[in-house]
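What follows is a short report on a single structure.
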Amino acid sequence: MIPEELNMKMDSGVLYDPADPSLQILQRERLRMVHEYNAIDPRDISAREEMIKRMFASAGKDVYIEAPFYANWGGLKVCIGDSVYINFGCTLVDDAPITIGNHVMIGPGVTICTATHPLDYREREKGLQMNMPVVIEDNVWLCAGVIINPGVTVGKGAVIGAGSVVTKDIPPYSLAFGVPATVRKSLE
């Protein structure tokens, strides 16, 4: 597993070196799991379900993920609720925790990103990054091509329109879309 001090840095928004040798072996093993998942015959539902339980920090019942699926830590820090559907081409940049609630629908080509890089080029030259957790609450629908940025919470029952870039928290029961996504109406 990830050394505790490094794991705390990874989850807290402070700069760290993602190329730290203590991370490399584990990350490669996690990427192998993603590769295995994507190679499972789509008719073999039980093999997919078993791999989902192995890959993610937690996964509820009735979780279905279309291949291809990508996660740079193979779901190590991802908790998924019950009755979640993730369409093909989803990318989870899961360097920090990602929480996906119950009854969430994620459209094709969605990216949920916890990692970011410093604005100072000297820190980027060193390969440093920082991460912030993402939360997708219950009953959210992320339409096709949505990008969720680090540190964002999408509130319960919200809908994010296709192609939107979510840069800040979205309140519950809101329809938001655009670049950047803005709340357009209440869904209550």
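The values are calculated or read from the model by the stated rules, or taken from the named source; none is laboratory data. The shown structure was predicted, so the numbers you read here are calculated from the model rather than taken from an experiment. As a convention, Cβ positions derive from the backbone with ideal geometry for all residues, glycine included, and neighbour counts pool all protein chains shown. Heads up: the accessible areas ignore ligands, DNA and RNA and are worked out on the full protein's heavy atoms, side chains in. Shrake-Rupley method; radii C 1.70, N 1.55, O 1.52, S 1.80 Å.
3J(HN,Hα) couplings calculated from phi for segment 162-171 with the Karplus curve 6.51 cos²θ - 1.76 cosθ + 1.60 (θ = phi - 60°) are, in sequence order, 3, x, 7, 10, 8, 10, 8, 4, 10, x Hz; Gly and Pro show x.
Seen from ARG30, the other residues with C-beta closer than 12 Å to its C-beta sum to a net charge of 0, counting Lys and Arg as +1 and Asp and Glu as -1.
Computed over protein heavy atoms with a 1.4 Å probe, the accessible surface of the chain works out to 49 Å² per residue. Close amide H contacts of PHE177 (hydrogens built in the peptide plane, cut-off under 5 Å, sequence separation of 5 or more or a different chain): GLY161, THR182, ARG184. For GLU5, the shell of other residues with beta-carbons less than 14 Å away shows a net charge of -3, using +1 for Lys and Arg and -1 for Asp and Glu.
Out of all DSSP beta bridges with both ends in segment 83-141, state the antiparallel percent to the nearest 5.
On the way: 2 of 11 bridges.
Close to 20 percent.
Counting charges near SER83 (Lys, Arg +1; Asp, Glu -1) among other residues having Cβ under 11 Å from its Cβ returns a value of -2.
Let me know the charge dipole size of segment 57-168 about its Cα centre in debye, to the nearest 20, where only the beta-carbon of Lys, Arg (+1) and Asp, Glu (-1) is charged.
Values: 7 positive and 10 negative charges, 36 e Å.
Dipole magnitude for segment 57-168 comes out near 180 debye.
Recomputing Rg/Rh (Cα atoms, Kirkwood Rh) from the coordinates shown identifies the correct label among (i) 0.97; (ii) 0.94; (iii) 1.17 as (i). Of the heavy-atom accessible surface of segment 82-188 (probe 1.4 angstrom), what whole percent is carbon and sulfur? Here carbon and sulfur together make up 59 percent of the probe-accessible area. Out of the total accessible area of segment 17-69 (probe 1.4 Å, heavy atoms of protein only), what percent is carbon and sulfur? After summing per-atom areas, the C and S share lands at 55 percent.
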